[in-house]
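The values are calculated or read from the model by the stated rules, or taken from the named source; none is laboratory data. Quantities reported herein were computed from a predicted structural model and do not represent experimental measurements. We place every Cβ from the backbone using ideal geometry, glycine too, and count neighbours over all the protein chains shown.
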Amino acid sequence: MKIVMIGAGYVGLVSGVCFSDFGHQVICVEKDQTKLAKLRSGEVPIFEPGLDILLERNISEGRLEFSDSLASSIVDADAIFIAVGTPARRGDGFADLTYVYDTARELGEKLSTDTVIITKSTVPVGTNREIKRIINSCSPSAAFEIVSNPEFLREGSAIEDFMRPDRVVVGVESPEAEDVMRNIYRPLNIRETPVMVTDLETAETIKYAANAFLAMKITFINEIADLCEKTGGDVQQVAKGIGLDTRIGGKFLHAGPGYGGSCFPKDTLALVQTGERYGAPQRIIETVVAVNDARKSDMADKIIMACGGSVKGKRIAVLGVTFKPNTDDMRDAPSLVIIPELIAAGASITACDPEGVDEARKLLNGVDWVDDAYTAADGADALVIITEWNAFRGLDLSRIKELLTTSVFIDLRNIYPPKEVFDAGLTLTCIGKGTIES
Ligand code: UDX
């Protein structure tokens, strides 16, 4: 099949590359010339494990191309995916649909063949009907079907999520469109991946409901962690104890500094706004958003308390600044709140991150960037792990103790068993463990 992917951002690029690996003929349309030049030369402009190998292979085997011309790319396309960005609009939190609607207009002006137009961008309920209306208004005789096909890719494991999804959701209006979508995803049949076919609004809602539910799960366990810290108890065991109930499930119950990233913060906010707009308030998610926002700031207070109530004049080593490991993405990372609050409280920060430094430099002022955890720890008054990169999971804690001027070790991701930390002569501040003794 000939597939066109409009937008080679995170979702578009991963999806385009994976579709070409399925054996389809794929053209990714990208207007950013710098990005386009990199992609054409086989360079991946984002950090996503495994993507570079797949990109190179599919370019060299002739199934994957990049272009800046929508008009020439869409000729004879069986399917055209819209995967342009939908950032949260400044001020009101609504998903900004400018790029989506601009793309719809351009498609309306240039569409010449019967095709299926599929929205992969995360868009609020009703957007697919609006896309259809726009295309029809530009080109009343255009023959096309509209489909909603939300993505559920996690950064850092996006290839795996694409190749082995729990499900594929397609919102359609006709059996013909359903057939095209089943053909596109046919390679997943071997794994018996469920393909769920719904109407447009249901598919759009599934995406938001899934992300909001996961964000709620994380926020729930974070509040239970706070309770454990006051009452005694170990949140990791509580999470395991509830997660073994298959009705709850054990995933997304790791307490931490609050969720960040390109999806949860934006999508929870957009769901709240949609609820308000339609008079169906999403009160649980409103609370999730507020609790998660406050949590990032609470983490700075937690660090200050661990440092004896003041960080004035102290140097703090920060390990990990991206919103999660295996990505260079800094969007809504807890570090973006925690680090400036520590600096405002008088601390100086020495930080390291395996992939995030280039991006973080643009967003965090006054940070001294170093290459590794031991250099960061050298002469620091406290060490904080904000993001659980593998590189920080197996630290030589005795060496860390020797390098620090105090013994303050703060693990905001609960990656170290308390005994290991205490055996190294460090004191431990972690998340949701009320019964540990340092
Ligand atoms: C998420 C969804 O998982 C994915 O399906 C969707 O399409 C896009 O949004 P992503 O943002 O890449 O993916 O990362 P994810 O692994 O879901 O983590 C999101 C945030 O939640 C991170 O900040 C992470 O640290 C945090 N998190 C996750 C927790 O704090 N605890 C957990 O148990 C899981």
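Summary table below
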read-out	value
Close pairs from region 188-201: first basic (Lys, Arg), partner surrounded by 15 or more Cβ atoms within 10 Å (Cβ to Cβ), Cβ under 9 Å, at least 6 apart	Arg191/Met163; Arg191/Pro165
Output for region 276-324, where each listed residue is within 16 Å of the ligand (Cβ to nearest atom), of a type in the set (A, V, I, L, M, F, W, C) and in contact with a strand residue (DSSP E or B) (Cβ under 7 Å, 6 or more places away or on another chain)	Val318, Leu319, Val321
Qualifying position, being more than 16 Å from the ligand (Cβ to nearest atom) and closer than 30 Å to Ala294 by Cβ, among Lys230, Lys207, Lys240	Lys230
Residues within region 243-253 that are more than 7 Å from the ligand (Cβ to nearest atom), within 21 Å of the chain's Cα centre (by Cα) and of a type in the set (A, V, I, L, M), tallied	0
Entirely in region 226-315, the helices (runs of 4 or more DSSP H) that have 2 or more residues that are of a type outside the set (A, V, I, L, M, F, W, C) and at pLDDT below 95	264-277
Residue, farthest from Leu383 (Cα to Cα), within region 276-288, restricted to residues that are aliphatic (A, V, I, L, M) and surrounded by fewer than 22 Cβ atoms within 10 Å (Cβ to Cβ)	Ala280
Qualifying residue in region 254-275 (condition: buried (at least 22 other Cβ atoms within 10 Å of the Cβ) and more than 15 Å from the ligand (Cβ to nearest atom))	yes
Condition met for Ile131 (crowded, with 19+ Cβ neighbours inside 10 Å and assigned to a helix (DSSP H, G or I))	yes
Qualifying residue in region 118-129 (condition: polar (S, T, N, Q), at pLDDT 95 or above and closer than 30 Å to Pro325 by Cβ)	yes
Qualifying positions in region 135-156 - out of contact with any Asp or Glu (no Cβ under 9 Å at 6 or more places or on another chain) and within 16 Å of the ligand (Cβ to nearest atom)	Asn149
Test result for Arg315, of a type in the set (Lys, Arg) and surrounded by fewer than 21 Cβ atoms within 10 Å (Cβ to Cβ)	yes
Count of region 169-188 residues which are more than 14 Å from the ligand (Cβ to nearest atom) and either assigned to a loop (DSSP other than H, G, I, E, B) or aliphatic (A, V, I, L, M) (or both)	10
Qualifying residues in region 1-16 (those that are under 21 Å from Arg164 (Cα atoms) and of a type outside the set (Gly, Ala, Ser)) - the one surrounded by the most Cβ atoms within 10 Å (Cβ to Cβ)	Met5
Close pairs (8 angstrom Cβ cut-off, 6 or more residues apart or separate chains): outside any loop (DSSP other than H, G, I, E, B) in region 140-168, hydroxyl-bearing (Ser, Thr, Tyr) and within 12 Å of the ligand (Cβ to nearest atom) anywhere	Ala158/Tyr10; Phe162/Ser15
